[in-house]
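*Asks:* For reference, the structure I am asking about is given below.
Values quoted throughout were computed directly from the atomic coordinates according to the rules given, and no laboratory measurement underlies them. Every value quoted in this text rests on a predicted model; they were computed, and no experiment measured them. Don't worry about glycine lacking a Cβ; one is built from the backbone with ideal geometry, like all the others, and counts go over all protein chains shown.
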């Protein structure tokens, strides 16, 4: 969609222009808020991701989750057919290599984690709205993942606060996250979707 492409370009440019010191400071706030979530604290099998370019830094997030003895997995991007495969990591400095699109990914020798074993998945994005809909890089990898994980798996989007927009254009195949964590706030998207549904005019009105 052309509108998504415009939003993607605008927010990528703004994110890329952030000074690294600011990005690190705001990323620490995101990490702190994420780890305070009851959903995160209760989850044993956590899917994270290796940050790329100007995304929220996830290195500290991953190290901290490992120190808490979480079962931490990261995605491997498979281009054909498009999908994400998760592998468990044990040592951040030894277990990653540069994978597809230049993103840090687990080595192939590491044990695979099945999608239905994941209890909470931390999700990147370029833009989010308060109902949980997101704009990624356009490959649809996380939408495919969301359709395959178990319904009770908690989907958490992480972003800087300026990446929140009023409304993300979405289609029926686009699946939203449950929670968004930024450097300024935590948003429970299910509540916003329910409120929006209640406030929408009925078909017969």
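*Asks:* Please work out the Cα center distance from the range 159-185 to the range 27-56, rounded to the nearest Å.
*Replies:* 15
*Asks:* How many angstrom lie between the C-alpha centres of the range 126-157 and the range 57-105?
*Replies:* So the two Cα centres are separated by 17 Å.
*Asks:* Would you mind telling me which residue in 31, 185, 58 has the biggest mean-square fluctuation in a Gaussian network model of the chain, where springs connect alpha carbons within a distance under 10 angstrom?
*Replies:* Looking only at 31, 185, 58, the biggest GNM fluctuation is shown by 185.
*Asks:* Next question. Beyond 14 Å, what share of the Cα-Cα pairs of the range 84-133 is found? Please give it as a whole percent.
*Replies:* Value for the range 84-133: 63 percent of Cα pairs lie more than 14 Å apart.
*Asks:* Calculated from DSSP H runs of 4 or more alone, at -39500 (n - 2.57) each and per residue, what is the 222 nm mean residue ellipticity of the chain, nearest 500?
*Replies:* Mean residue ellipticity, 222 nm, calculated: -9500 deg cm²/dmol.
*Asks:* Given a 10 angstrom Cα cut-off, can you work out which residue in 76, 156, 30 is the most mobile in a GNM of the chain?
*Replies:* Taking springs between Cα atoms under 10 Å, the residue moving most is 76.
*Asks:* Restricting the count to DSSP beta bridges whose residues both fall in the range 10-110, what percent are antiparallel, rounded to a multiple of 5?
*Replies:* For the range 10-110, the DSSP antiparallel bridge percentage is about 75.
*Asks:* Got the relative contact order for the chain handy, in percent, Cα pairs under 8 Å and 6 or more residues apart?
*Replies:* So the answer I get is 21 percent.
*Asks:* Out of all DSSP beta bridges with both ends in the chain, state the antiparallel percent to the nearest 5.
*Replies:* Of those bridges, close to 55 percent are antiparallel.
*Asks:* Using a Debye calculation, one point per C-alpha and no hydration shell, please list log10 I(q)/I(0) for the chain at q = 0.09, 0.11, 0.16 Å⁻¹ in order.
*Replies:* For the requested q values the scattering log ratios are -0.33, -0.50, -1.09.
*Asks:* What is the projected area of the convex hull of the Cα atoms of the range 50-142, averaged over all directions, in nm²?
*Replies:* For the range 50-142, averaging the hull's shadow over all directions gives 6.6 nm².
*Asks:* Also, quick follow-up: Which percent, to the nearest 5, of DSSP beta bridges fully inside the range 121-190 are antiparallel?
*Replies:* 40
*Asks:* May I ask you to sort 7, 165 by Cβ crowding, counting other Cβ atoms within 10 Å and putting the fewest first?
*Replies:* By the 10 Å Cβ count, ascending: 165, 7.
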